[in-house]
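Asker: Take a look at this one; I'll ask things after.
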Amino acid sequence: MITDISNATITLTGDTTFDHSSDPVKKPIHYNQGDIECIDAIRAMTKNMGGTSAYMSGNVMKYVWRHEYKGGLEDLEKAQVYLGWLIDNYKEIHK
């Protein structure tokens with residue numbers, strides 16, 4: 001059992017390897033894939049969105065982004081719920 005993950009290397013399915021030498025609170029492994037962090041992608045995506053739409057869109061992206069690395073099917077189902085709410089919100093705004 002690893003109790004200090006500050007220098008742990010985690011190998012995921014496929015050919016993706018993460019060096020988790022970063023802060024697990026500020027840079028958790030399940031939000032750091034490739035060359036971009038999830039929060040940066042969410043900020044870029046929601047930059048010009050309103051409050052509720054931005055919040056729901058960000059959650060959709062967050063759960064899809066991390067599903068392979070954290071919550072699996074549960075995260076995809078959460079994303080689906082938020083997407084449904086986002087669609088309902090969009091329909092309400094654009095009546």
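The values are calculated or read from the model by the stated rules, or taken from the named source; none is laboratory data. Since this is a predicted model, take the numbers as computed values, not measurements. Positions of Cβ are backbone-derived with ideal geometry, glycine not excepted, and every protein chain shown enters the neighbour counts.
Asker: Go through region 43-68 residue by residue and tally those that are within 10 Å of the chain's Cα centre (by Cα) and hydroxyl-bearing (Ser, Thr, Tyr).
Answerer: 1
Asker: Which residue is surrounded by the most Cβ atoms within 10 Å (Cβ to Cβ), if the candidates are limited to region 31-72 and must be assigned to a loop (DSSP other than H, G, I, E, B) and at pLDDT 90 or above?
Answerer: Filtering first and then ranking leaves 67.
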